[in-house]
Amino acid sequence: MTLALPPELTCRDVVELVTRYDEDALAPADRAVFEAHLAACDACVLYYQQLRQTRTLARALDDARAPDDAPLDPAIERALLDAFPPRS
Amino acid sequence: MDAAPPRDPDAALLVQLRAGDRTAFTALLRRHRGAVRRVIRAFVRRDAIAEELAQETWLAVARGLPGFEGRGTLRGWILRIAVNTARARNPREVRELPASALGDAGDATPTVDPARFHEDGRWVGHWSAPPTPWPDARLHTAALRALLEQAIDALPPLQRQVFVLRDGQDLDAGETCALLELSPVHQRVLLHRARASVRAAIERHLGDAP
């Protein structure tokens with residue numbers, strides 16, 4: 001479904017459309033108008049990049065912790081291992 | 001001819017798990033307990049409950065492994081169990097968000113402060129206070145990570161859940177909609193708001209004195 005965007009978007013429009021764009025949820029004509037704005041607006045390009053950076057940083061939160069972070073509580077580990085492998 | 005499905009990073013572990021290898025289960029636990037913890041914390045605020053739900057999740061994983069058909073990744077399957085475990089404990093309030101907070105593109109509250117755009121004149125609607133580049137060195141600090149955790153924690157519940165699953169854990173839109181019982185549009189609006197909020201929090205943090 002197209003939003004039938006006007007031929008020229010403002011930055012204020014763009015920042016509200018950015019997730020639709022990123023999710024590939026803009027109809028081709030709307031996407032073309034959106035991309036035309038990005039081609040001429042460094043500030044909006046930067047805003048979009050920062051949203052993507054936000055995602056990258058959120059994803060990296062897991063990686064930042066060492067895999068063997070806090071030791072497993074022995075009682076808990078025992079309980080879990082008792083459940084595995086499950087008795088058939 | 002179908003393309004081969006992407007290989008599960010846990011494929012080797014899965015072979016050992018199917019053979020009943022307990023050291024493999026411990027390895028699985030260590031590898032994914034962080035992600036399980038994060039996902040559950042998106043739903044549950046109190047650490048004691050979150051810990052309980054994490055254990056419940058891992059018990060379900062231990063018991064359910066024989067039934068894992070390997071159609072998706074092992075990690076995806078584990079996180080699905082975590083979400084379902086947390087949601088069973090915390091059924092979502094039906095009217096959690098005021099209707100005005102949802103909206104289609106037309107009536108939603110702006111996600112960027114309107115004061116940052118020109119109100120009138122030739123450049124009406126364009127940035128008056130545009131974003132500035134983020135220095136890379138300041139992005140990989142403990143302080144930034146702490147800020148990020150805080151910002152995610154401060155999100156309204158549904159926004160937090162969508163953000164954690166989509167951007168924190170890389171689940172796709174379809175999976176997230178199914179797990180959280182959201183329509184694609186609602187999910188996208190929630191993600192949009194969450195991302196904008198978290199980005200703004202990072203921007204404020206970086207704008208403060210180093």
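Just checking, which of B:R71, B:R37 is more than 9 Å from every other protein chain (Cβ to nearest Cβ), basic (K, R) and surrounded by fewer than 15 Cβ atoms within 10 Å (Cβ to Cβ)? Step through it out loud before you land on a result.
On the way: B:R37 fails: surrounded by fewer than 15 Cβ atoms within 10 Å (Cβ to Cβ).
Being more than 9 Å from every other protein chain (Cβ to nearest Cβ), basic (K, R) and surrounded by fewer than 15 Cβ atoms within 10 Å (Cβ to Cβ) holds for just one of B:R71, B:R37, which is B:R71.
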Pairs, first at the interface with chain A (Cβ under 9 Å from one of its Cβ atoms) and touching a residue at least 40 places away in the same chain (Cβ under 8 Å) in segment B:169-194, second of a type in the set (K, R) and surrounded by fewer than 19 Cβ atoms within 10 Å (Cβ to Cβ), C-beta under 8 Å, six or more apart
B:Q169/A:R59
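If you scan segment A:61-73, which residues turn out to be assigned to a helix (DSSP H, G or I) and at pLDDT below 75? Talk me through it step by step, then tell me what you get.
First, the residues of segment A:61-73 that are assigned to a helix (DSSP H, G or I): A:61-64.
Result: A:D62, A:D63, A:A64.
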Of these, A:A58, A:A32, which one is without any contact (Cβ under 8 Å) to a residue 12 or more places away in the chain, outside any loop (DSSP other than H, G, I, E, B) and buried (at least 19 other Cβ atoms within 10 Å of the Cβ)?
A:A58
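This table checks each residue for (1) under 20 Å from A:Y48 (Cα atoms); (2) not small (G, A, S).
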site: B:W134; (1), (2): yes, yes
site: B:H140; (1), (2): yes, yes
site: B:L147; (1), (2): no, yes
site: B:D153; (1), (2): no, yes
site: B:D167; (1), (2): yes, yes
site: B:L171; (1), (2): no, yes
site: B:G174; (1), (2): no, no
site: B:E181; (1), (2): no, yes
site: B:R199; (1), (2): yes, yes
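For segment B:178-200, how many residues are in a helix (DSSP H, G or I) and surrounded by fewer than 18 Cβ atoms within 10 Å (Cβ to Cβ)?
Quick first cut of segment B:178-200, residues in a helix (DSSP H, G or I) only: B:178-180, B:184-200.
In the following step, the residues that additionally are surrounded by fewer than 18 Cβ atoms within 10 Å (Cβ to Cβ) were identified as B:178, B:184-186, B:200.
Number of matching residues: 5.
Given the structure, is B:V61 more than 22 Å from B:Q159 (Cα to Cα) and more than 21 Å from the chain's Cα centre (by Cα)? So that I can check it myself, show each step before the final result.
Working: more than 22 Å from B:Q159 (Cα to Cα): yes; more than 21 Å from the chain's Cα centre (by Cα): no.
Criteria not met by B:V61.
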Check A:A40 against each of (1) modelled with pLDDT of 75 or more; (2) surrounded by 11 or more Cβ atoms within 10 Å (Cβ to Cβ); (3) out of contact with any Phe, Trp or Tyr (no Cβ under 7 Å at 6 or more places or on another chain) and name the one condition it does not meet.
(2)
Could you check, for segment A:37-44, whether at least one of its residues is within 11 Å of another protein chain (Cβ to nearest Cβ), within 11 Å of the chain's Cα centre (by Cα) and at negative phi?
no
Restricting attention to segment B:124-157, which residues are at the interface with chain A (Cβ under 9 Å from one of its Cβ atoms) and in a loop (DSSP other than H, G, I, E, B)?
B:V124, B:G125, B:H126, B:P130, B:P131, B:T132, B:P133, B:W134, B:L139, B:H140
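The values are calculated or read from the model by the stated rules, or taken from the named source; none is laboratory data. Small disclaimer: the values here were computed from a predicted structure and weren't measured. All Cβ positions, glycine included, derive from the backbone under ideal geometry; neighbour counts span all protein chains shown.
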